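The values are calculated or read from the model by the stated rules, or taken from the named source; none is laboratory data. The model shown is predicted, which means the values in this text are computed figures rather than measured ones. Neighbour counts run over all protein chains shown; Cβ positions are idealised from the backbone, glycine included. In case anyone asks, the SASA skips ligands and DNA or RNA and just uses the protein heavy atoms, side chains included. Shrake-Rupley method; radii C 1.70, N 1.55, O 1.52, S 1.80 Å.
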Amino acid sequence: MERTLWVVGLLALFALCVWLMYRGWQSRAERQAASIGELPSVPADCGAQLLEPTTGMYLGSTFAPSWQNRIAVGDLGFRATAELTRFERGILLERDGATVIWIPQESITAVRTERGHAGKVMTEDGVLVIRWKLPTGTEVDTGFRGDDKTVYPAWRADPTSATTGEDE
């Protein structure tokens, strides 16, 4: 009987911890909602494709310049397998099981590689990070770990004469 009470008590404690983590994530999303606003929608014409699609893992988006301050609004904070494609008018990030992210070319302030992003730490230059401004003016970093890291130099290059940055 005593063992059963311990098990029930531990299960209740575990359920309470899970519920508190969920509430914390929801509260964080509510606090961040005004800073994020509406994300840009994918235009009907993205322009010419400048880079071949790159497959990999979307690591999440964070408030710039903090690589650990993950955005909790919508599904921006959740990891997902994804495909990243660069067009004349911007970057298209198609995520499995999540909404598509469109990063307009005029919003991109830097494309660089980093060691870590959104709590994910890799080898040196293992994560491709795109810094861009939301319509609200908030700067965010979107992290992507490509399956093929040899394509990173092409992503860091300036294919459209917009301002892109080097490693910070």
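A few points about this structure:
- Count of the stretch 117-150 residues which are open to solvent by less than 50 Å² (accessible area, probe 1.4 Å), under 15 Å from PHE63 (Cβ atoms) and either of a type in the set (D, E, K, R) or part of a strand (DSSP E or B) (or both): 9
- Long-range neighbours under 8 Å by Cβ, at least six apart or interchain, first residue of a type in the set (Gly, Ala, Ser) within the stretch 62-77, second surrounded by fewer than 17 Cβ atoms within 10 Å (Cβ to Cβ) and in a loop (DSSP other than H, G, I, E, B): GLY74/THR99
- Beta carbons closer than 6 Å, at least 6 apart along the sequence or on distinct chains, pair a first residue in the stretch 36-55 that is under 17 Å from PHE144 (Cβ atoms) with a second that is open to solvent by less than 40 Å² (accessible area, probe 1.4 Å) and hydroxyl-bearing (Ser, Thr, Tyr) for PRO53/THR85.
- Test: residue in the stretch 15-23 that is of a type in the set (A, V, I, L, M, F, W, C), modelled with pLDDT under 90, part of a helix (DSSP H, G or I) and closer than 30 Å to ILE103 by Cβ: no
- Here GLU38, GLU2, GLU30 are screened, and the one residue that is over 22 Å from the mean Cα position of the chain (by Cα) and at pLDDT below 90 is GLU2.
- Residue count for the stretch 57-69, restricted to those that are open to solvent by less than 40 Å² (accessible area, probe 1.4 Å) and at negative phi: 6.
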